Amino acid sequence: MTRHVALFATCLGDQLWPEVVHATVAVLERAGCRVTFDPAQTCCAQPAFNSGYWAEAKQVARHFVQVFEHASAVVAPSGSCVAMVHRYEQLFADEPAWRQRAAAVAHKTFELSAFLVRELQVTELGAVFPHRVAWHDACHGKRELGLHDEPRALLRAVRGLELVELGTAESCCGFGGTFAVKFPELSTAMLDHKLSGLAAGAADVLSAVDSSCLMQLRGRMQRQGSPVRVMHLAEILAAR
């Protein structure tokens, strides 16, 4: 049976990584889904929430709920944004009616790899990518959504791909949204520790499920002159 999926593109996907959004649609369609996109969507409210502006975050979160509450499933190529949607119950703890509506939306909002593996029980998507790929466990996906095996199962099913496990796979990249802006020295130190696990020549590509992490990683690697490419999981799964 065809699954109807509402795509949440995310702010970074919309503004900086449209190729990730396009790849996500291609992957979902290949998995047998009918994908729709509501242009009324905006942000998940995470920047305001994490910065302590909860009143402003509520305004954005209410809009998200209104846009997506009639969808049967919401999928985003970002563990970070999905984790934020799952925090809406906390955000609306003092507003029972909105908390109930937010909880209903959160229950059907999924990160891409979790939706494919847990909901659709799909790992083989016909992807071909003959490269060595190192994996970064993004913090929100790993620690809040419990993602670990799902993206790895998808990557192992890609023909020609060799999965490289980093010693620092679960270390934070140091981005953390406004954290990287407020504490740039600490952020860079965390990032350098992260990249220390990427031994020279060990991988051709570094991948993750969050464009925010990939933006942080790519910026530092480019400054260091690294030949390793940075790609979102969706881009790899869409490759042929």
**Study point:** helices (runs of 4 or more DSSP H) completely within region 177-238 that count 2 or more residues being outside the structural domain of Pro47 (by TED's automatic domain parsing), under 23 Å from Pro18 (Cα atoms) and touching a Cys at 6+ places or on another chain (Cβ under 7 Å)
**Key:** 211-223
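Which one is nearest to the chain's Cα centre (by Cα), of the residues in region 188-234 that are of a type in the set (Ser, Thr, Tyr) and surrounded by fewer than 21 Cβ atoms within 10 Å (Cβ to Cβ)? So that I can check it myself, show each step before the final result.
Here is the first cut: in region 188-234, the ones of a type in the set (Ser, Thr, Tyr) are 188, 196, 207, 211-212, 226.
Now drop any that are not surrounded by fewer than 21 Cβ atoms within 10 Å (Cβ to Cβ), which leaves 188, 196, 226.
Values: Thr188: 21, Ser196: 23, Ser226: 23 Å.
Result: Thr188.
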**Study point:** Residue list for region 139-152, restricted to those being over 20 Å from Tyr88 (Cα atoms) and in a loop (DSSP other than H, G, I, E, B)
**Key:** His148
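Mind checking whether some residue in region 71-93 is within 14 Å of Leu233 (Cβ to Cβ), of a type in the set (Phe, Trp, Tyr), at pLDDT 95 or above and not assigned by TED's automatic domain parsing to the domain that holds Arg229? Lay out the reasoning, then the answer.
Looking only at region 71-93, we keep the residues that are within 14 Å of Leu233 (Cβ to Cβ), and these are 75-80, 82.
Of the ones still in play, those that are also of a type in the set (Phe, Trp, Tyr) are none.
No.
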Exercise for review: State which residue is farthest from Gly177 (Cα to Cα) when the search covers only region 84-119 and only residues that are aliphatic (A, V, I, L, M) and buried (at least 24 other Cβ atoms within 10 Å of the Cβ).
Suggested key: Leu116
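When you check Val133 against the structure, is it surrounded by 15 or more Cβ atoms within 10 Å (Cβ to Cβ) and in a strand (DSSP E or B), yes or no?
Details: surrounded by 15 or more Cβ atoms within 10 Å (Cβ to Cβ): yes; in a strand (DSSP E or B): yes.
The answer is yes for Val133.
Which residue is nearest to Gln46 (Cα to Cα), if the candidates are limited to region 107-157 and must be among the aromatic types (Phe, Trp, Tyr) and under 17 Å from the mean Cα position of the chain (by Cα)? Spell out how you get there, then give the answer.
Filtering region 107-157 for residues among the aromatic types (Phe, Trp, Tyr) gives 110, 115, 129, 135.
From what is left, the residues that are under 17 Å from the mean Cα position of the chain (by Cα) are 110, 115, 135.
On the way: Phe110: 16, Phe115: 21, Trp135: 24 Å.
The selected residue is Phe110.
Out of all the residues in region 57-90, which are assigned to a helix (DSSP H, G or I), among the aliphatic types (A, V, I, L, M) and in contact (Cβ under 8 Å) with a residue 24 or more places away in the chain?
Keep residues of region 57-90 that are assigned to a helix (DSSP H, G or I), which gives 57-68, 79-85, 88-90.
After this cut, where a residue has to be among the aliphatic types (A, V, I, L, M) as well, the list is 57, 60-61, 65, 67, 82-85.
Result: Ala57, Ala61, Val65, Val67, Val82, Ala83, Met84, Val85.
The values are calculated or read from the model by the stated rules, or taken from the named source; none is laboratory data. What you see is a predicted model; the values in this text were computed from it and never measured. As a convention, Cβ positions derive from the backbone with ideal geometry for all residues, glycine included, and neighbour counts pool all protein chains shown.
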